[in-house]
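A short worksheet on the structure shown next.
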Amino acid sequence: MDTAVRIKTKAPVPYTLTAIEPDTHDTKTFRFDLPPDATLDMLPGDFLYVHTTIDGKSIKRAYTPSSLPGSTGFFDLTVKRYESGVVSKYLHEQHIGDSVLMSGPNPGGHWVDGMATRVGFVAGGTGITPMISIIRWILMKQIDAELFLIFANKTETDIIRRHEWEQYLRDYPSFHCHHVLEQPPAGWAQGAGRVTPDVLRRHLPPPGPGTCVFLCGPPPMVDALEGTLRALGYPEETVILP
């Protein structure tokens with residue numbers, strides 16, 4: 001029986017930063033403390049708001065925990081630092097022992113057990129972050145679903161959690177992953193350029209009963225691919241935006 005205290009707040013509360021794990025050249029995973037018997041009250045894909053004040057102005061930004069829902073005593077945020085991203089820069093300036101104000105979790109485009117048996121994921125850059133917890137949840141809970149990830153990035157060094165995707169390819173026959181790079185290195189054997197209709201046809205499960213697709217990335221990419229997915233026959237209600 002799950003006896004963990006489930007945390008959800010409307011007002012911002014402080015969480016203490018306990019660990020920082022570098023991932024790529026500009027992405028880190030930040031671990032925050034919870035009471036030993038507490039977990040965030042969330043489904044895979046739900047999000048928190050990070051709150052801060054910069055130049056006298058209150059700002060909040062949404063971040064999806066990358067840790068497995070139901071984890072007790074901690075949660076993780078995987079955050080890419082953007083030069084124009086005031087909150088991502090703020091998080092990257094924090095040190096172990098610092099406190100960060102957050103509220104939530106809030107419902108996003110999330111996974112619910114049983115919603116599909118074939119699940120596509122199309123992520124661009126940091127659009128992968130809400131999908132980390134969804135993929136982990138499905139695999140770790142041994143849910144009967146086949147997973148298809150298309151992950152688009154600028155360069156090979158920008159691939160967030162690359163070691164994790166490679167490990168899943170080795171460990172789980174139900175997990176498939178195709179990378180697309182705008183600037184691929186010499187000898188690159190996967191996708192180059194952008195996510196095209198042909199890439200979607202070849203590397204996502206076909207539309208039909210039991211199929212859903214999670215889509216997240218830069219707004220221009222999401223807007224374009226929403227239309228492309230509809231043109232390929234994916235009903236609007238099966239394309240989920242975390």
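The values are calculated or read from the model by the stated rules, or taken from the named source; none is laboratory data. Everything numeric in this text was worked out from a predicted model, so none of it was measured. Note that each Cβ is placed from the backbone with ideal geometry, even for glycine, and that neighbours are counted across all protein chains shown.
Can you find a residue that is within 13 Å of T129 (Cβ to Cβ), outside the structural domain of R136 (by TED's automatic domain parsing) and among the aromatic types (F, W, Y) anywhere in segment 2-24?
The initial filter retains those residues of segment 2-24 that are within 13 Å of T129 (Cβ to Cβ), namely 23-24.
Restricting the remaining residues to those that are outside the structural domain of R136 (by TED's automatic domain parsing) gives 23-24.
Subsequent filtering for residues that are among the aromatic types (F, W, Y) retains none.
No - not one qualifying residue is present in segment 2-24.
Quick check: is even one residue across segment 148-158 surrounded by 13 or more Cβ atoms within 10 Å (Cβ to Cβ), modelled with pLDDT of 95 or more, over 20 Å from D23 (Cα atoms) and outside the structural domain of L77 (by TED's automatic domain parsing)?
Yes - at least one qualifying residue is present in segment 148-158.
Could you list, in sequence order, all residues of segment 35-77 that are more than 13 Å from the chain's Cα centre (by Cα), surrounded by 21 or more Cβ atoms within 10 Å (Cβ to Cβ) and part of a loop (DSSP other than H, G, I, E, B)? Break it down stepwise before answering.
Residues of segment 35-77 more than 13 Å from the chain's Cα centre (by Cα): 35-42, 49-61, 70-75.
Now restrict to residues that are surrounded by 21 or more Cβ atoms within 10 Å (Cβ to Cβ): 39-40, 42, 50, 75.
M42 - this is the single residue of segment 35-77 that is more than 13 Å from the chain's Cα centre (by Cα), surrounded by 21 or more Cβ atoms within 10 Å (Cβ to Cβ) and part of a loop (DSSP other than H, G, I, E, B).
Cβ-Cβ below 8 Å, separation at least six or inter-chain, first residue in segment 171-195 and touching a residue at least 60 places away in the same chain (Cβ under 8 Å) and closer than 27 Å to W137 by Cα, second assigned to a strand (DSSP E or B) and of a type outside the set (D, E, K, R): which pairs?
Cβ pairs passing all conditions: V195/V122; V195/G124; V195/I150; V195/A152; V195/V180.
Please go through segment 10-34 and pick out each residue that is farther than 19 Å from V87 by Cα and surrounded by 19 or more Cβ atoms within 10 Å (Cβ to Cβ).
Correct list: L34 only.
Could you tell me which numbered condition W111 fails, if it satisfies all but one of (1) over 20 Å from L200 (Cα atoms); (2) in contact with a Phe, Trp or Tyr (Cβ under 6 Å, 6 or more places away or on another chain)?
Going through (1) over 20 Å from L200 (Cα atoms); (2) in contact with a Phe, Trp or Tyr (Cβ under 6 Å, 6 or more places away or on another chain) one by one, W111 breaks only (2).
Give the residue, chosen from P12, P44, that is of a type outside the set (F, W, Y) and within 30 Å of L147 (Cα to Cα).
Result: P44 is the single residue among P12, P44 that is of a type outside the set (F, W, Y) and within 30 Å of L147 (Cα to Cα).
For L17, only one of the following conditions fails: (1) under 13 Å from L77 (Cβ atoms); (2) under 18 Å from the mean Cα position of the chain (by Cα). What is its number?
Going through the list (1) under 13 Å from L77 (Cβ atoms); (2) under 18 Å from the mean Cα position of the chain (by Cα), L17 breaks only (2).
Restricting the search to segment 78-87, which residues are among the hydroxyl-bearing types (S, T, Y) and buried (at least 20 other Cβ atoms within 10 Å of the Cβ)? Talk me through it step by step, then tell me what you get.
Residues of segment 78-87 that are among the hydroxyl-bearing types (S, T, Y), as a first pass: 78, 82, 84.
The answer is T78, and nothing else.
Which of the residues spanning segment 114-130 are part of a strand (DSSP E or B), over 18 Å from D223 (Cα atoms) and not charged (D, E, K, R)?
Of all residues in segment 114-130, those part of a strand (DSSP E or B) come to 118-124.
Adding the requirement that they be over 18 Å from D223 (Cα atoms) leaves 118-119.
Once the filter is applied, which keeps residues that are part of a strand (DSSP E or B), over 18 Å from D223 (Cα atoms) and not charged (D, E, K, R), segment 114-130 yields only V119.
Looking only at segment 110-124, decide whether some residue is touching a strand residue (DSSP E or B) at 6+ places or on another chain (Cβ under 7 Å), under 23 Å from V13 (Cα atoms) and either at pLDDT below 95 or crowded, with 23+ Cβ neighbours inside 10 Å (or both).
no
Quick grid of which residues meet (1) over 24 Å from P209 (Cα atoms); (2) more than 15 Å from the chain's Cα centre (by Cα); (3) among the polar types (S, T, N, Q):
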site: H110; (1), (2), (3): no, no, no
site: D113; (1), (2), (3): no, yes, no
site: A116; (1), (2), (3): no, yes, no
site: G124; (1), (2), (3): yes, no, no
site: E156; (1), (2), (3): yes, yes, no
site: I159; (1), (2), (3): yes, no, no
site: E166; (1), (2), (3): yes, yes, no
site: R170; (1), (2), (3): yes, yes, no
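Mind checking which residues of segment 151-182 are of a type outside the set (F, W, Y), touching a Phe, Trp or Tyr at 6+ places or on another chain (Cβ under 7 Å) and farther than 22 Å from H25 by Cβ?
Result: L169, H176.
Residues being among the hydrophobic types (A, V, I, L, M, F, W, C) and under 19 Å from the mean Cα position of the chain (by Cα): count how many of those fall in segment 201-233.
Within segment 201-233, the first condition is being among the hydrophobic types (A, V, I, L, M, F, W, C), and the residues that meet it are 204, 212-216, 221-222, 224-225, 229, 231-232.
Okay, now just the ones that are also under 19 Å from the mean Cα position of the chain (by Cα), so 204, 212-216, 221-222, 225.
Counting residues in segment 201-233 that are among the hydrophobic types (A, V, I, L, M, F, W, C) and under 19 Å from the mean Cα position of the chain (by Cα) gives 9.
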